[in-house]
Structures are given as C-alpha cells and as structure tokens.
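Please treat every number below as a calculation from the coordinates, not as lab data. None of the values given here were measured: they were computed from a predicted structure. All Cβ positions, even for glycine, are placed from backbone atoms using ideal geometry, and neighbour counts span all protein chains on display.
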Amino acid sequence: ALKLLLCLVGLVFSSRLRPALKDWSVEIGFREAAMPSMVFALQNFVCTAAYRRLDGVTFNVLSQTKLLFTALFALALRGRDQTKQQWQALLLIFIASASAVIGEGAASRGPMEASRADVVVGAAAALLGAALSGLGSVLSEDVLVQKQRDVLLFSAELAAGGILVVGVNLLLDLNGDGTRLLHSRDLFALWTPSTLLPVVTLGCGGILVGVVTKAVGSVRKALTVTVGLLLSAAFRTAWLGRPPSLRLCISILLVVAGMRRYFRLGRPAVETIDANWHGEPVTLRRTGVHAQAGINFFKPGYTIVPV
C-alpha cells in the first residue's frame, strides 16, 4: 500500500499522471501487470521465509543467482541470448554464490542460530525467490522497454496487484496469516516504529528497480543489484563487530570478477538488414543473431527502424 501511495504521489507531483493514463485502461493494466505482480508477490512470500532462516549476508549472496535466472528466462521467453563468455561470467557468479552459502551455512551457526534444516529450507526459499525475481524482471522489461510504460504507473500496477494477492492469501489462509490475523484482530499488532524501516526501504527499492530495468534491461539490472552484496557485508561487519569469513570474502571477489567480465564483454553485436514493409523501405534490427539477406517482410523478433 505504501508503494502504491508513493507511486501515485510521484505521478501527481511530476505532472505525469495524465500523460501516463492517456492510452491506459483497467483492461490493459490487468493484462500486462497481472502476471508480473503475482510473480513478485510470490517472491515476497518465499523471501520472507528465507529471511527467517538465513543471516542477511548469506541470503544476499544466494540471491545473486538471480543473475543467471534472469538470463535464462530472457533466453527462454524472449530469445535473447548471451555470448559464451557472458554465460561463463554468470556461471562464475552462481558458483561464488553457492560456495558462500555452503561455507556460511556451516560456519555462522551458533547455539542461538538456525539449525541445519532451517538453513536448507532458507536456501531453497532464497533460490526460488531468485528465480521468481529473474522471471518478474523479464516480464517487467517487456512492459517497460518494449511498450514504454511509465515506470511509476507500472510500479503502481504491481503494488495494486500485490495488495490483491495478499488479500486473497489472508482470505484463504494459504500460509497461516489469515488465522493469525483472526486471533490477534489486528494486522499491525506486533509492529513497532523500527518495522517501518524495511517497509519504506523495500517500497522505495521496488520503484527504483523499475527505473533501472527500463534504463538498462533486466540482466544488467540484476548485475547492479549485486552492489547490495558488498553493502550487506559491510553493514554486518559494523553491526556484529566481526568481518565476514574468508570463504565469503573470496566469494564476494568472485562475484565482482564475474560482474567485471560481463560488463567488459558487453552485449552481443546488433545485426541489421534492409527490407520492405508494405512497400516502404525499412531496416530490420536484431541483437545477437545472424542477419539473412533478401527478407522483404517483417520478421518476428526484429525491430523496424524507418530509413
């Protein structure tokens, strides 16, 4: 609800509300935002389960597998492939994340910390959350980049969809929240002023994710999010008074190396071919494919660029 309010306020104060709603309808919003909003809402549920069972740094390290999941979904759903070297860079990041989780899962547990079973469940939930994040990013990129939806409007649609999903969950009591709400008679009974901090930061972060996705694409968005890995390690050191383990430090360095390799390689080359579209000369442009000469019709997967 806070995210929805922030988006609407942003649209009003930036004078973007009327232009954003010019070609918008409830039907269009539901059709294009329903699936991403359900994916992100489900991601929030499973990530909450992971938060309860993993320490912050371990969760953040494991979440970096979203890089690989995003690239896989981009390939499966959009046909957008990475180069061989880029896949190697993403695989390096995945291995570094898995290595850190294995090491931290064994080294960080004390008498008051999670059991081995909790760590396994938390790691599985974090992996599922990373996969859902990758899927949601690719679906969102299609709306933000291909259809040029206003970022704040789309974020508001996602927030509204998330509210509906949470409402259905409470009504059907899918995970026990409905029963707890019925017994406590107050959804915010256990809230304190400090509870607002993660709520506000996650709400603002969701909006910023949409901005980054539209600006740089879903795979590179996921790469920029890995900066949070370094920040979480620094915050943990400052908060707990002890640095991360040697294995975790090595994993962080491997993640940074994978990011550097991916960025240095850049995106696949853009192929262009000349063609005719209803008698008009156009250029067909596509990334990472071999262009074929002599095509005189619009080929799916190519972008028409008027000559």
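Numbers at a glance
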{"read-out": "Calculated FRET efficiency for the pair I95/S245, C-beta based, R₀ 22 Å, to 0.05", "value": "0.85"}
{"read-out": "Hz values of 3J(HN,Hα) by residue in the range 161-168 - Karplus curve (6.51, -1.76, 1.60), Gly and Pro given as x", "value": "x, x, 4, 5, 5, 5, x, 5"}
{"read-out": "Ordering of 192-202, 161-171 by burial proxy (mean other Cβ atoms within 10 Å per residue, highest first)", "value": "161-171, 192-202"}
{"read-out": "Modelled FRET efficiency - R0 30 Å, A238 with L202, Cβ distances, 0.05 increments", "value": "0.90"}
{"read-out": "Estimated distance in nm for a label pair at A117 and D81, the labels positioned 7 Å out from Cα along Cα-to-Cβ", "value": "4.6"}
{"read-out": "Estimated vicinal HN-Hα couplings, Hz - the range 87-93 in sequence order (Karplus 6.51, -1.76, 1.60; Gly, Pro = x)", "value": "4, 5, 5, 5, 5, 4, 5"}
{"read-out": "Placed amide H near D55: partners under 5 Å, 5+ positions off or other chain", "value": "none"}
{"read-out": "Packing-based order for 142-155, 10-23, using average beta carbon neighbours within 10 Å, highest first", "value": "142-155, 10-23"}
{"read-out": "Gain on full stretching of the segment that runs from K22 to T48 - 0.36 nm per residue minus C-alpha separation", "value": "5.7 nm"}
{"read-out": "Peptides ranked, highest mean first, by Cβ atoms within 10 Å: ranges 233-242, 128-137, 37-46", "value": "128-137, 37-46, 233-242"}
